There are 2 protein chains.
Amino acid sequence: MSLEEVAKRAKVGIGTLYRRFPTREALLAATSNERFLSVAESSRGRDADHDPGNALRKYLEELALNTSIYQNLAASLGTVIECGTPGCNAITEEGHRLLRRAKEAGVIRGDTSFDDIICVVIAISIAVEKDRSPESRIAHLVDLLLNGISVR
Amino acid sequence: MSLEEVAKRAKVGIGTLYRRFPTREALLAATSNERFLSVAESSRGRDADHDPGNALRKYLEELALNTSIYQNLAASLGTVIECGTPGCNAITEEGHRLLRRAKEAGVIRGDTSFDDIICVVIAISIAVEKDRSPESRIAHLVDLLLNGISVR
DNA sequence: AGATAAATGGAGGATTGCTCCACTTCTAAT
DNA sequence: ATTAGAAGTGGAGCAATCCTCCATTTATCT
């Protein structure tokens, strides 16, 4: 979808669109803001049950699901997530928090970074972007991330 | 890099470029053909030592490394790899073979598909695309894929 | 040589991104 | 109510790129 088309549908001029959202990423971030806020919020609620491993798993699944909804969001997630909207900040903070707690609880390897995780969420989102109901595939891929493909 | 620029540097007209490589992916595939052939070949040689787990690991590392070399190849790897050049076919066949052997040897989960693996190779390649010497980061991410982020 | 086939180059239409500035609307001070 | 200045808006238009189409050149065959 071209930005001219976006402007037309929003019934504003292309100049106005560019002033409000200087980059495509800014527009995507704004579009996903509430969605991201709600992912972060429901994750915060879940953590109350003191199961850091499961909380992390659910967070990853929901983030991947919400990232795969808008075409082309997945590929730019790395940039989008750094653009400072409340939703992006909430997602980032919550991710770091979950990772820290999971490490403290000893259920996650110490050498795992938030970047590692975002990298895999991007991959999962790209992979399922065209699926109609991607939930089960996402669950499978998140499971691969958590447990690896090796037999235990 | 625009395709006009590619044509100019190759000293052919833009029409000729398009006839020989109808899509960007075809051009990328042709560019990477020898590289992919050599990855597949060295992987075949390695398998002689009857360590399927290690052979798979090396294959993944080399594929990710060679995919991250050309800017923008990573994001289209899924399409590129299906385009039928000898290199792409060799990579695909070798990947399936390694996966089958590793499963037979009981070192890889049965529910892991070749698509799952390409998906993660894409992610890894995108993540390290801008790194100067990505080898160690690739090794880390491949290790995450193989062993998961959970503590064992 | 002449006819036919194959390959080539690049002009040009279409799309999209993005800037710039003439114009409109709002704000607030008198 | 008037008006000067600030803030906001719209869209014309340039630049970049993609890709098609066909006049021309080059190769091949008899």
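Odds and ends about this structure:
- Taken over segment B:1-22, the criterion of being in a loop (DSSP other than H, G, I, E, B) and either buried (at least 17 other Cβ atoms within 10 Å of the Cβ) or within 19 Å of the chain's Cα centre (by Cα) (or both) is satisfied by B:Phe21 alone.
- When residues of segment A:86-113 are limited to those that are of a type in the set (Asp, Glu) and either part of a loop (DSSP other than H, G, I, E, B) or crowded, with 17+ Cβ neighbours inside 10 Å (or both), the one farthest from the other protein chains (Cβ to nearest Cβ): A:Glu94
- Residue in segment A:56-77 that is within 16 Å of DNA strand C (Cβ to nearest atom) and exposed (fewer than 13 other Cβ atoms within 10 Å of the Cβ) present: yes
- Residue list for segment A:129-152, filter: of a type in the set (A, V, I, L, M) and more than 9 Å from chain B (Cβ to nearest Cβ): A:Ile138, A:Ala139, A:Val142
- Residue check for B:Ala75: within 13 Å of the chain's Cα centre (by Cα), modelled with pLDDT under 95 and under 28 Å from A:Cys119 (Cβ atoms): yes
- Taken together, the criteria place B:Glu41 among residues that are at pLDDT 95 or above and away from DNA strand C (no atom under 16 Å from the Cβ).
- Flag: B:Ser32 matches the condition of being among the polar types (S, T, N, Q), buried (at least 17 other Cβ atoms within 10 Å of the Cβ) and away from DNA strand C (no atom under 16 Å from the Cβ).
- Some residue of segment B:36-52 being away from DNA strand D (no atom under 16 Å from the Cβ), within 14 Å of another protein chain (Cβ to nearest Cβ) and out of contact with any Lys or Arg (no Cβ under 7 Å at 6 or more places or on another chain): yes
- Condition check for B:Ala55: part of a helix (DSSP H, G or I), of a type in the set (A, V, I, L, M) and without any contact (Cβ under 8 Å) to a residue 24 or more places away in the chain: no
- Residues that are touching a helix residue (DSSP H, G or I) at 6+ places or on another chain (Cβ under 8 Å), charged (D, E, K, R) and within 15 Å of DNA strand D (Cβ to nearest atom) are absent from segment B:53-64.
- Flag for A:Asp116 being over 18 Å from the mean Cα position of the chain (by Cα) and either at the interface with chain B (Cβ under 7 Å from one of its Cβ atoms) or assigned to a loop (DSSP other than H, G, I, E, B) (or both): no
The values are calculated or read from the model by the stated rules, or taken from the named source; none is laboratory data. Computed from a prediction, not measured in an experiment: that's the story for all the values here. Glycine also receives a Cβ, built like all others from the backbone with ideal geometry; neighbour counts cover every protein chain displayed.
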